[in-house]
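The values are calculated or read from the model by the stated rules, or taken from the named source; none is laboratory data. It should be emphasised that the depicted structure is a prediction, and the values quoted were computed from it without experimental measurement. Cβ atoms come from the backbone with ideal geometry, glycine included; neighbour counts cover every protein chain shown.
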Amino acid sequence: MVRALFPGTFDPIHNGHIDIATRASKIFDEVVVAVYDRPLKNLLFPPEERLLLTKATLSHIENIKVVGYSGLTVAFAQKINAKVIVRGLRVISDFEHEFRMALANKHLAPDIEMAALITNEQYTFLSSSTVREIASLGGDYSRMVPTIVKEALGKRFLDLGEDQNIVQPTYLRD
Ligand code: ADP
(Lines give C-alpha, C1' and ligand atoms only; values in the text may rest on other atoms or scores of the structure.)
Protein backbone atom coordinates (compact mmCIF):
# COMPACT_ATOMS: atom_id res chain seq x y z
CA MET A 1 0.00 0.00 0.00
CA VAL A 2 1.52 3.33 -1.01
CA ARG A 3 0.34 6.30 0.97
CA ALA A 4 1.14 9.76 -0.37
CA LEU A 5 1.11 13.08 1.46
CA PHE A 6 -0.06 16.23 -0.34
CA PRO A 7 0.85 19.09 2.00
CA GLY A 8 0.01 22.76 1.60
CA THR A 9 -1.36 25.91 3.12
CA PHE A 10 -4.63 25.79 1.16
CA ASP A 11 -5.58 29.40 1.97
CA PRO A 12 -8.05 28.65 0.46
CA ILE A 13 -8.18 25.41 -1.53
CA HIS A 14 -8.85 26.08 -5.24
CA ASN A 15 -9.45 24.09 -8.44
CA GLY A 16 -5.71 23.72 -9.15
CA HIS A 17 -5.19 21.99 -5.77
CA ILE A 18 -8.28 19.84 -6.32
CA ASP A 19 -6.96 18.72 -9.70
CA ILE A 20 -3.60 17.66 -8.19
CA ALA A 21 -5.27 15.84 -5.25
CA THR A 22 -7.69 14.04 -7.58
CA ARG A 23 -4.96 12.95 -9.98
CA ALA A 24 -2.78 11.79 -7.06
CA SER A 25 -5.69 9.72 -5.75
CA LYS A 26 -5.64 7.79 -9.03
CA ILE A 27 -1.95 7.00 -8.73
CA PHE A 28 -1.56 6.18 -5.03
CA ASP A 29 -3.55 3.87 -2.78
CA GLU A 30 -4.20 6.64 -0.29
CA VAL A 31 -3.60 10.39 -0.38
CA VAL A 32 -3.41 12.35 2.84
CA VAL A 33 -4.06 16.01 2.10
CA ALA A 34 -2.45 17.86 4.98
CA VAL A 35 -3.26 21.47 5.77
CA TYR A 36 -0.32 23.25 7.33
CA ASP A 37 -1.12 24.94 10.61
CA ARG A 38 0.77 28.23 10.66
CA PRO A 39 3.13 28.94 7.77
CA LEU A 40 5.23 32.10 7.69
CA LYS A 41 2.65 33.74 5.47
CA ASN A 42 -0.12 36.24 5.89
CA LEU A 43 -3.16 34.03 6.15
CA LEU A 44 -6.71 34.91 5.20
CA PHE A 45 -8.35 31.91 6.86
CA PRO A 46 -7.50 30.41 10.26
CA PRO A 47 -6.25 26.78 10.31
CA GLU A 48 -9.65 25.33 11.35
CA GLU A 49 -11.44 26.97 8.44
CA ARG A 50 -8.80 26.01 5.85
CA LEU A 51 -9.10 22.45 7.14
CA LEU A 52 -12.89 22.52 7.04
CA LEU A 53 -13.02 23.87 3.47
CA THR A 54 -10.43 21.37 2.28
CA LYS A 55 -12.34 18.51 3.90
CA ALA A 56 -15.67 19.63 2.46
CA THR A 57 -14.11 19.88 -1.00
CA LEU A 58 -12.30 16.54 -1.13
CA SER A 59 -14.18 14.23 1.23
CA HIS A 60 -16.20 12.66 -1.62
CA ILE A 61 -13.04 10.95 -2.92
CA GLU A 62 -12.81 7.63 -1.17
CA ASN A 63 -9.05 7.29 -0.83
CA ILE A 64 -8.39 10.91 0.18
CA LYS A 65 -8.07 11.85 3.83
CA VAL A 66 -7.77 15.46 4.97
CA VAL A 67 -5.92 16.34 8.17
CA GLY A 68 -4.18 19.30 9.79
CA TYR A 69 -0.51 19.27 10.74
CA SER A 70 2.30 21.41 12.06
CA GLY A 71 6.08 21.13 12.19
CA LEU A 72 8.35 19.54 9.61
CA THR A 73 6.52 18.09 6.61
CA VAL A 74 8.90 15.10 6.34
CA ALA A 75 8.49 14.36 10.06
CA PHE A 76 4.74 14.29 9.53
CA ALA A 77 5.15 12.07 6.45
CA GLN A 78 7.20 9.60 8.53
CA LYS A 79 4.68 9.73 11.35
CA ILE A 80 1.80 8.71 9.08
CA ASN A 81 3.97 6.29 7.11
CA ALA A 82 3.68 8.15 3.79
CA LYS A 83 6.36 7.15 1.28
CA VAL A 84 5.79 9.99 -1.16
CA ILE A 85 5.22 13.73 -0.91
CA VAL A 86 3.12 15.08 -3.78
CA ARG A 87 3.46 18.68 -4.97
CA GLY A 88 2.04 20.59 -7.90
CA LEU A 89 4.16 22.47 -10.42
CA ARG A 90 2.89 25.46 -12.36
CA VAL A 91 5.73 27.60 -13.64
CA ILE A 92 9.52 27.67 -13.54
CA SER A 93 9.55 29.67 -10.32
CA ASP A 94 7.59 26.84 -8.63
CA PHE A 95 10.23 24.42 -9.86
CA GLU A 96 13.09 26.28 -8.23
CA HIS A 97 11.27 26.42 -4.91
CA GLU A 98 10.13 22.79 -5.04
CA PHE A 99 13.56 21.59 -6.16
CA ARG A 100 15.29 23.19 -3.18
CA MET A 101 12.62 21.94 -0.80
CA ALA A 102 12.82 18.40 -2.21
CA LEU A 103 16.61 18.33 -1.77
CA ALA A 104 16.34 19.61 1.81
CA ASN A 105 13.64 17.02 2.54
CA LYS A 106 15.78 14.27 1.01
CA HIS A 107 18.60 15.29 3.31
CA LEU A 108 16.28 15.06 6.33
CA ALA A 109 14.43 11.91 5.28
CA PRO A 110 16.17 9.89 2.54
CA ASP A 111 13.42 7.26 2.59
CA ILE A 112 10.74 9.67 1.37
CA GLU A 113 10.33 10.45 -2.33
CA MET A 114 8.85 13.57 -3.88
CA ALA A 115 6.46 13.36 -6.83
CA ALA A 116 5.70 16.57 -8.70
CA LEU A 117 2.59 16.64 -10.88
CA ILE A 118 2.48 19.23 -13.64
CA THR A 119 -0.53 21.50 -13.42
CA ASN A 120 -3.43 21.09 -15.76
CA GLU A 121 -2.92 23.77 -18.44
CA GLN A 122 -6.14 25.55 -17.50
CA TYR A 123 -4.89 26.14 -13.91
CA THR A 124 -1.42 27.44 -14.72
CA PHE A 125 -2.29 30.95 -13.53
CA LEU A 126 -4.19 29.83 -10.47
CA SER A 127 -2.91 30.31 -6.93
CA SER A 128 -4.54 30.98 -3.58
CA SER A 129 -3.05 34.48 -3.58
CA THR A 130 -4.64 35.23 -6.98
CA VAL A 131 -8.03 34.02 -5.73
CA ARG A 132 -7.69 36.08 -2.52
CA GLU A 133 -6.78 39.20 -4.44
CA ILE A 134 -9.59 38.87 -6.98
CA ALA A 135 -12.04 38.26 -4.12
CA SER A 136 -10.80 41.27 -2.17
CA LEU A 137 -11.25 43.48 -5.24
CA GLY A 138 -14.75 42.25 -6.01
CA GLY A 139 -13.86 40.32 -9.18
CA ASP A 140 -15.40 37.08 -10.39
CA TYR A 141 -13.54 34.03 -9.06
CA SER A 142 -16.47 31.61 -9.27
CA ARG A 143 -14.75 29.35 -11.81
CA MET A 144 -11.57 29.09 -9.74
CA VAL A 145 -12.95 27.57 -6.53
CA PRO A 146 -15.80 25.27 -5.46
CA THR A 147 -19.03 26.91 -4.29
CA ILE A 148 -18.37 26.34 -0.60
CA VAL A 149 -15.04 28.19 -0.89
CA LYS A 150 -16.63 30.97 -2.91
CA GLU A 151 -19.19 31.50 -0.16
CA ALA A 152 -16.54 31.38 2.57
CA LEU A 153 -14.48 34.01 0.74
CA GLY A 154 -17.49 36.28 0.35
CA LYS A 155 -18.26 36.00 4.05
CA ARG A 156 -14.65 36.49 5.11
CA PHE A 157 -14.32 39.75 3.18
CA LEU A 158 -17.67 40.93 4.48
CA ASP A 159 -16.46 40.25 8.04
CA LEU A 160 -13.16 42.02 7.39
CA GLY A 161 -14.94 45.17 6.20
CA GLU A 162 -12.36 47.92 5.71
CA ASP A 163 -9.63 45.82 7.26
CA GLN A 164 -8.58 44.15 4.01
CA ASN A 165 -4.86 44.84 4.09
CA ILE A 166 -4.58 41.22 5.21
CA VAL A 167 -4.46 40.52 1.45
CA GLN A 168 -1.05 41.30 -0.02
CA PRO A 169 -1.34 43.30 -3.22
CA THR A 170 0.41 41.38 -5.99
CA TYR A 171 -0.32 42.29 -9.56
CA LEU A 172 -4.03 42.65 -10.17
CA ARG A 173 -4.60 46.25 -9.10
CA ASP A 174 -3.59 49.61 -10.60
P1 ADP B 1 2.42 25.92 0.01
O2 ADP B 1 2.39 27.04 0.98
O3 ADP B 1 2.91 24.63 0.62
O4 ADP B 1 3.05 26.19 -1.33
P5 ADP B 1 -0.12 25.98 -1.35
O6 ADP B 1 -1.45 25.76 -0.73
O7 ADP B 1 0.15 27.30 -1.94
O8 ADP B 1 0.88 25.60 -0.21
O9 ADP B 1 0.14 24.86 -2.44
C10 ADP B 1 0.14 23.49 -2.16
C11 ADP B 1 0.66 22.75 -3.38
O12 ADP B 1 -0.24 22.90 -4.47
C13 ADP B 1 2.03 23.22 -3.88
O14 ADP B 1 2.77 22.12 -4.33
C15 ADP B 1 1.67 24.11 -5.05
O16 ADP B 1 2.71 24.18 -5.99
C17 ADP B 1 0.47 23.35 -5.60
N18 ADP B 1 -0.38 24.22 -6.42
C19 ADP B 1 -0.90 25.42 -6.09
N20 ADP B 1 -1.62 25.94 -7.11
C21 ADP B 1 -1.55 25.02 -8.12
C22 ADP B 1 -2.07 24.97 -9.46
N23 ADP B 1 -2.80 25.97 -9.99
N24 ADP B 1 -1.80 23.88 -10.21
C25 ADP B 1 -1.04 22.88 -9.70
N26 ADP B 1 -0.51 22.86 -8.45
C27 ADP B 1 -0.76 23.93 -7.68
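When the criteria are applied in full, Val67 meets the requirement of being over 15 Å from Asp11 (Cβ atoms), outside the structural domain of Phe157 (by TED's automatic domain parsing) and either touching a residue at least 12 places away in the same chain (Cβ under 8 Å) or not charged (D, E, K, R) (or both). Hey, any hits in region 55-62 for a residue that's within 24 Å of Ala135 (Cα to Cα) and either in contact with a Gly (Cβ under 8 Å, 6 or more places away or on another chain) or free of Cβ contacts under 8 Å to residues at least 40 places away in the same chain (or both)? Yes, region 55-62 contains a residue that is within 24 Å of Ala135 (Cα to Cα) and either in contact with a Gly (Cβ under 8 Å, 6 or more places away or on another chain) or free of Cβ contacts under 8 Å to residues at least 40 places away in the same chain (or both). Among the residues making up region 73-132, those that are within 11 Å of the ligand (Cβ to nearest atom), within 18 Å of Ile27 (Cβ to Cβ), among the small types (Gly, Ala, Ser) and touching a residue at least 24 places away in the same chain (Cβ under 8 Å) are Gly88, Ala115, Ala116.
Quick check on my filter: what residues within region 127-138 are surrounded by 14 or more Cβ atoms within 10 Å (Cβ to Cβ) and not aliphatic (A, V, I, L, M)? Step through it out loud before you land on a result.
Taking region 127-138 and keeping what is surrounded by 14 or more Cβ atoms within 10 Å (Cβ to Cβ), we get 127-137.
Across region 127-138, the qualifying residues are Ser127, Ser128, Ser129, Thr130, Arg132, Glu133, Ser136.
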